[in-house]
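Colleague: This is the structure, below, for whatever I ask next.
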Amino acid sequence: MFEHGLKHDLSTYALQQGADLIGFVSTRHLDAVTPTRYTPSRLWPEAKTAISVGKRLLGGAVAVGTGDMVQNARWVAWRTTEFLNTHALEIAHFLERQGFRALPLSNGTMVDPAWTNQGIFGDLSHRHVAAEAGLGTIGVPTYIVTPEFGPRVYFNTILTDAEIEPDPKLDFNPCDQCPGECVKACPNGAIIRGRRTIKKRLCIPRAMPHGVMVMQQYIHSILECQDLEKRRERLEDFDFARLHKALVQGVGTIAGCFHCLAACPVGLDLKGKTPRPNA
């Protein structure tokens, strides 16, 4: 039996606390359609509903993210993911105050020990949850395209044992009529239009320029220096400072490329855009 009043109260609370989008989907449905082994039942078998919350990425960050100010844009992207992590925790507390259990998920990444697909996975695909919860559709570069903000929005997920009425999927496929602006904009040629996927080996170096692989390469470069003085120079050069700043602030460790986001024509006009209501 659905908790109708809870859905309204939860949606109102989430939007008042700063979420731009919120949607609901049953975990049973997600178990059936999630394309990887990272399913809700794997995380928490007793969960009945997955709640998707979205926060738009600031247009100013996207505007400078393809130029010399990309570091500032990366900082905004990182802080947006941190907002979602905090927001998911607050929503979970709200649910538990109503007598239900809740499990917020991080929208950072975890590392797959088998190093499958570059080793970078989330506990759950927040994009697929958002699509199944009626917030958007998975676009050509595998990001979510929403009617309100296009692909310029990040998502997080909260699982709960409350049974909440799911939202219908959107009949929304803007990529079918698009000539492929994101494909043309990608500087590394990483986007594959026909398959709606990306070549991660081409995307990750630009999207995560200060990620784990870059850190590994830097450490290897020190170990390969036979001369003590050269090792000292390597430790004192700008690469060390850049990686240290990335570890402290998260800049460049996630969501660091904005070319495809800037090129997508959907949702560019932010005037008058308001979060859609949920019953």
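Colleague: Taking the residues in segment 254-277 that are among the β-branched types (Val, Ile, Thr) and modelled with pLDDT under 90 as candidates, determine which candidate is surrounded by the most Cβ atoms within 10 Å (Cβ to Cβ).
Modeller: Taking the candidates together, the pick is Ile254.
Colleague: Which fully enclosed helices (runs of 4 or more DSSP H) of segment 148-243 have 1 or more residues being touching a Lys or Arg at 6+ places or on another chain (Cβ under 6 Å)?
Modeller: Working: elements: 181-185, 200-207, 212-223, 228-236.
Where helices (runs of 4 or more DSSP H) fall fully within segment 148-243 and carry at least 1 residues being touching a Lys or Arg at 6+ places or on another chain (Cβ under 6 Å), they are 181-185, 212-223.
Colleague: Another question, if that's okay. Could you please find all residues in segment 70-126 being touching a helix residue (DSSP H, G or I) at 6+ places or on another chain (Cβ under 7 Å) and at pLDDT below 75?
Modeller: Gly108, Val111, Asp112, Asn117, Gln118
Colleague: Select from segment 15-70 the residues that are over 20 Å from Lys169 (Cα atoms), free of Cβ contacts under 8 Å to residues at least 60 places away in the same chain and of a type in the set (D, E, K, R) and list them in ascending order.
Modeller: Arg37, Arg42, Asp68
Colleague: For segment 5-58, how many residues meet the condition of being surrounded by 16 or more Cβ atoms within 10 Å (Cβ to Cβ), of a type in the set (Gly, Ala, Ser) and more than 19 Å from His128 (Cβ to Cβ)?
Modeller: 2
Colleague: Checking the conditions here, which among Cys225, Cys182 is in contact with a helix residue (DSSP H, G or I) (Cβ under 9 Å, 6 or more places away or on another chain) and free of Cβ contacts under 8 Å to residues at least 12 places away in the same chain?
Modeller: Sole residue among the options that is in contact with a helix residue (DSSP H, G or I) (Cβ under 9 Å, 6 or more places away or on another chain) and free of Cβ contacts under 8 Å to residues at least 12 places away in the same chain: Cys225.
The values are calculated or read from the model by the stated rules, or taken from the named source; none is laboratory data. Bear in mind that the values here come from a model prediction, so they are computed numbers and not experimental data. Using ideal geometry, Cβ is built from the backbone for each residue, glycine included, and neighbour counts are taken over all protein chains shown.
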